[in-house]
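**Student:** Once you've had a glance at the structure underneath, I'll fire off some questions.
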Amino acid sequence: DADGSDVVQFTSNGAQNFAPAYSPDDSRIVWATTQNNDAMHIWVMLANGSSQVQLTTEGFNEDPSWSPDGRFISFASTRDGLRQLWVMNADGSNPRQVTSVDDVGGRSSWSPDGRRLAFYAGKRDDKDRNIYTINVDGTDLQKMTDGGDNLAPSYSPYGGWIVFTSFRDGDNELFIMRADGGDVTQLTQNDSSDYQPRWGP
């Protein structure tokens, strides 16, 4: 429950399990796991933990995210070499590559209308990763940031803003910007790391 009570365990597979996310109608949960295979794959289950089904079979797959209508799942995959952003139907069919950039990282965020994805890309060792948006069909790639090592974008519920993490002041802090990259505003100023922001509904 939201107050931390009534904890229920859904996996006991002895594997690594990451990035769970409820579907928009709360009926299903998607997540990434290494069960049954040394590689990471995307799985889905009913919200009560039953009917666990593997959706991906090729490459290393992680960081799944539901489309607003629940029909699609975006994820990062290495199936064709460098890690790129992919989208598949919610049943795992028709996977298609969305990006052709330099090393996509982390969970992507869908715009509320389901037309665009926000994500970050770049080499971790270079400390110059940036946030991008792109149409779901792979067209109209837009670079939203320029320098500062920026991660973990998330669209606001109405799509006008994107919240993200940036190292531009020396450690992880949270920032917001308009969906076109303008009006960047720092939200936190802490000595400890602030990371992985997500908008509420």
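**Student:** For the chain, compute Rg over Rh where Rg is the Cα radius of gyration and Rh is the Kirkwood radius from the inverse mean 1/r over Cα pairs.
**Tutor:** Here Rg/Rh amounts to 0.96.
**Student:** Separate question: Compute, for residue 136, the solvent-accessible surface of its heavy atoms (probe 1.4 Å) with the complete set of protein chains present, and express it in square angstrom to the nearest 10.
**Tutor:** Solvent-accessible area, nearest 10 Å²: 40 Å².
**Student:** Can you tell me the accessible area per residue over the chain, all protein chains present, probe 1.4 angstrom, in square angstrom?
**Tutor:** For the chain, the per-residue accessible area is 51 Å².
**Student:** Any idea what Rg and Dmax come out to for the stretch 23-107 if you just take the C-alpha atoms, in Å?
**Tutor:** 12.2, 38
**Student:** Okay, moving on. Order of 177-188, 73-84 by packing, highest average Cβ count within 10 Å first?
**Tutor:** Ranked by mean Cβ neighbours within 10 Å, highest first: 73-84, 177-188.
**Student:** For residue 139, put the label point 7 Å out on the Cα→Cβ axis and report which residues of the stretch 93-121 keep their amide N under 18 Å from it.
**Tutor:** Under 18 Å, as judged by backbone N against the label point of residue 139, lie 96-100, 111, 113-118 of the stretch 93-121.
**Student:** Once you put a point 7 Å from the Cα of residue 126 and another 7 Å from the Cα of residue 47, both along the Cβ direction, what distance in nm separates them?
**Tutor:** 4.2
**Student:** Another question, if that's okay. Note down the magnitude of the dipole of the stretch 57-196 about its Cα centre, charges +1 on Lys and Arg C-beta and -1 on Asp and Glu C-beta and zero elsewhere, to the nearest 20 debye.
**Tutor:** Using Cβ point charges on Lys, Arg, Asp and Glu, the stretch 57-196 gives about 360 debye.
**Student:** Okay, moving on. Quick one: divide the alpha-carbon radius of gyration of the stretch 95-165 by 2.2 N^0.38 Å and tell me what you get.
**Tutor:** Cα-based Rg divided by the globular estimate yields 1.04.
**Student:** Turning to a different aspect of this structure: Using the C-alpha atoms of the stretch 1-59, what convex hull volume per residue, in cubic angstrom, is computed?
**Tutor:** Here the figure is 94 Å³ per residue.
**Student:** Pulled fully out, how much extra length does the chain show between residue 187 and residue 25, if you take 0.36 nm times their separation in residues and subtract their Cα-Cα distance?
**Tutor:** 55.3 nm
**Student:** Here is a further query. How large a share of the accessible area of the chain, in percent, is made up of carbon and sulfur atoms when the probe is 1.4 Å and the other protein chains stay in place?
**Tutor:** The computed percentage sits at 45.
**Student:** Find, to one decimal place in angstroms, the Kirkwood hydrodynamic radius of the stretch 149-189, where the mean of 1/r is taken over every pair of different Cα atoms and then inverted.
**Tutor:** When all Cα pairs of the stretch 149-189 are included, the Kirkwood radius is 10.1 Å.
The values are calculated or read from the model by the stated rules, or taken from the named source; none is laboratory data. Please read all numbers here as calculations on a predicted model, not as lab measurements. Note that we place each Cβ from the backbone using ideal geometry, even for glycine, and neighbour counts take in every protein chain shown. Remember, those area values only see protein heavy atoms, side chains included, never the ligands or the DNA or RNA. Shrake-Rupley method; radii C 1.70, N 1.55, O 1.52, S 1.80 Å.
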